[in-house]
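**Student:** This is the structure I have questions about; it appears just below.
All of the numbers you see were taken from the coordinates with simple rules; none came from a lab. This is a predicted model, so every value here is computed, not measured. Here the Cβ positions follow ideal geometry from the backbone for every residue, glycine too, while neighbour counts run over all protein chains shown.
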Amino acid sequence: MRKLRLGGLAMATAALVAAVLAFVALGPGARANTPGPTLDSVNSALLAEEGIVLETATQTATVSQADAEVDAVALFPGSTVSQAILVGFSDTHVVPSIDDRLAWAVSLDQGSSFRGPSYGPGGGSAATRAPASFFVVFIDAQTGDLIEGTTGS
């Protein structure tokens with residue numbers, strides 16, 4: 001009777017298979033099942049309907065949170081910041097799509113003098129437009145530039 005011995009190549013192959021299985025179990029698929037960062041003003045499902053996904057940031061921002069907040073308010077005078085979080089930002093509904101860009105998600109409250117975006121037929125004033133329940137702008141965390149904003153009810 002012969003004994004079967006695992007040689008170095010067989011051990012390395014077994015280790016590689018185990019590593020691949022661990023990656024599959026704990027890698028990108030697990031990240032999709034892990035809840036990402038959330039904003040108090042809007043739920044993730046509503047953002048997802050617009051193609052927007054927020055993930056936990058994996059890099060360090062060059063632009064500070066305070067600077068991103070100042071930039072957001074400067075872009076939309078009359079608003080105030082209710083929350084700002086550092087995120088990996090993706091938007092699949094724009095062309096070209098944005099994939100995992102480091103950004104500050106800045107949630108703005110509308111003040112009485114707030115002049116947000118207007119959609120639909122012209123002629124509506126801030127007094128006649130229904131206020132949105134959320135308004136979020138995404139500021140590039142490396143450059144401070146506006147990436148995009150989203151609003152809705």
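**Student:** How many nm is it between the label spots at E148 and A74, if each spot is 7 Å from the Cα in line with the beta carbon?
**Tutor:** Spacing of the two 7 Å Cα→Cβ label points: 2.4 nm.
**Student:** List every residue whose amide H lies under 5 Å from the amide H of V63, counting only residues 5 or more places away in sequence or on a different chain, with H placed 1.01 Å from N in the peptide plane.
**Tutor:** Under 5 Å from the amide H of V63 lie the amide H atoms of Q142, each far enough along the sequence or on another chain.
**Student:** If you don't mind, another one. Check G36: other-chain or 5+ apart residues with amide H under 5 Å from its amide H, H built from backbone geometry?
**Tutor:** For G36, whose amide H was placed from the backbone, there are no distant partners under 5 Å.
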